[in-house]
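See below for the structure under consideration.
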Amino acid sequence: MFQKLGGTAAIQGVVDEFYTRVFADDDVKGFFEGINKQKLKAHQVEFMTYAFGGPKEYHGKDMWRAHERLVRDQGLNDNHFDIIVKHLVGALQKFNVPEEDIQAAGKVVETTRDPMFRDPDTKEYLG
């Protein structure tokens, strides 16, 4: 999938477009206040490269640990996840990624929903 999307350069372009959309969206931009946006983008490129089968390994936190504060303290939930997915789809469409590949990417992203919202200690789903 990584090569089909266009490799690292394409992922970087998609991530830039994705965050342009996210940072402009009143429903989700508050979750990113006070965050180093360049570091966030670099981290997202690393994650997407890993998630889409690229050559890099992902060295970040697991999905729950990376988002626990946002879920517990700021109310991040399934609706916000859906908005984020919508912006990713829009970014992929802007880069003329074929619909079949967008759907495949969506399936990969969807695999992160449960780990993002399920407390691994209590097994409670908080999305």
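At-a-glance table
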{"read-out": "Simple label model, 7 Å out from Cα along Cβ direction - D114 to K37, nm", "value": "3.5 nm"}
{"read-out": "Accessible surface, the chain, averaged per residue in Å² (probe 1.4 Å)", "value": "58 Å²"}
{"read-out": "Listed values (i) 125; (ii) 154; (iii) 101, entry calculated as volume of the Cα convex hull per residue in Å³", "value": "(iii)"}
{"read-out": "Listed pairs K4/K86; K4/K41; K41/K86; K4/K29 exceeding 28 Å between Cα atoms", "value": "K4/K29"}
{"read-out": "Principal-axis tilt of helix 37-51 within the chain, Cα atoms, nearest 10 degrees", "value": "70 degrees"}
{"read-out": "Derived scalar couplings ³J(HN,Hα) [the stretch 89-98; Karplus, 6.51 cos²θ - 1.76 cosθ + 1.60; whole Hz; x for Gly, Pro]", "value": "4, x, 5, 5, 5, 4, 8, 6, 6, x"}
{"read-out": "Separation in nanometres of the label points that stand 7 Å from Cα toward Cβ, at F23 and N77", "value": "2.8 nm"}
{"read-out": "Length gained when the stretch N96-Q3 is fully extended (0.36 nm per residue, less Cα-Cα span)", "value": "32.0 nm"}
{"read-out": "Structure-based [θ]222 nm, the chain - -39500 (n - 2.57) summed over DSSP H runs of at least 4, per residue, nearest 500", "value": "-20000 deg cm²/dmol"}
{"read-out": "The stretch 53-127 - percent relative contact order, Cα under 8 Å, separation 6 or more", "value": "42 percent"}
{"read-out": "For the stretch 73-83, 3J(HN,Hα) per residue [Karplus equation, 6.51 cos²θ - 1.76 cosθ + 1.60, θ = phi - 60°, Hz, x = Gly/Pro]", "value": "9, 10, x, 4, 8, 4, 4, 5, 4, 4, 5"}
{"read-out": "Of all accessible heavy-atom area on the chain, the percent that carbon and sulfur account for (1.4 Å)", "value": "50 percent"}
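The values are calculated or read from the model by the stated rules, or taken from the named source; none is laboratory data. Since the structure is predicted, the reported quantities are computational estimates derived from the model, not experimental observations. Every residue, glycine as well, gets a Cβ built from its backbone with ideal geometry; the counts of neighbours run over all protein chains shown. Surface areas here come from the heavy atoms of the whole protein model, side chains and all, with no ligands, DNA or RNA. Shrake-Rupley method; radii C 1.70, N 1.55, O 1.52, S 1.80 Å.
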